[in-house]
Amino acid sequence: RRDEMKSVVWSVVAGGIFGLSGASLAETVIVECWALTFQPEHITVQVGDEIQWKKMNGDHTVTSGTDCIFDGIWWNEMINNSNPTFTWTVPAEAVGEIEYFCVPHCWAEMFGTITMKIGRLVNSRARI
């Protein structure tokens, strides 16, 4: 019994010191979809965080890719009256930067960027 208690205490201490209790550290980042902009346009997140895009006005998409072309890697989701939010939990496979845009407003350069960080350091790997 005493050895079990030591093991539990060590796990809690290690989790606190080394950041191993990541589930409790997840954050939710809100990105507002306005007429021709995502606010904020650039965000930094880590694995396990949630990003929630929220309709403020107009109809939009949240589409991963560059140059107004869906990359087929992450998402192409509608944000409208029927679907006023889109939430994505950042997976371990997400590294570097993910660029995204709004299909109907790409002509107005409605773009956003998600930068992944590892711990306190920003991951500087090349764009996906």
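The values are calculated or read from the model by the stated rules, or taken from the named source; none is laboratory data. All figures in this text were calculated on a predicted structure; none of them were measured in a lab. Ideal geometry is used to build each Cβ from the backbone, glycine not excepted, and the neighbour counts take in all protein chains shown. Only protein heavy atoms, including side chains, enter the accessible area calculation; ligands, DNA and RNA are left aside. Shrake-Rupley method; radii C 1.70, N 1.55, O 1.52, S 1.80 Å.
General remarks:
- The one condition from (1) in contact with an Asp or Glu (Cβ under 8 Å, 6 or more places away or on another chain); (2) over 15 Å from Thr61 (Cβ atoms); (3) at pLDDT 95 or above that Arg127 does not meet is (3).
- Test set (1) under 11 Å from the mean Cα position of the chain (by Cα); (2) of a type in the set (A, V, I, L, M, F, W, C); (3) open to solvent by less than 10 Å² (accessible area, probe 1.4 Å) - Trp88 fails condition number: (3)
Condition check ((1) at pLDDT 95 or above; (2) in contact with a strand residue (DSSP E or B) (Cβ under 9 Å, 6 or more places away or on another chain)) across all residues:
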site: Ala14; (1), (2): no, no
site: Phe18; (1), (2): no, no
site: Ala23; (1), (2): no, no
site: Ala26; (1), (2): no, yes
site: Ile30; (1), (2): yes, yes
site: Ile51; (1), (2): yes, yes
site: Ser64; (1), (2): yes, yes
site: Phe70; (1), (2): yes, yes
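- In region 44-60, the residues that are open to solvent by less than 10 Å² (accessible area, probe 1.4 Å) and in a strand (DSSP E or B): Val45, Ile51, Trp53, His60
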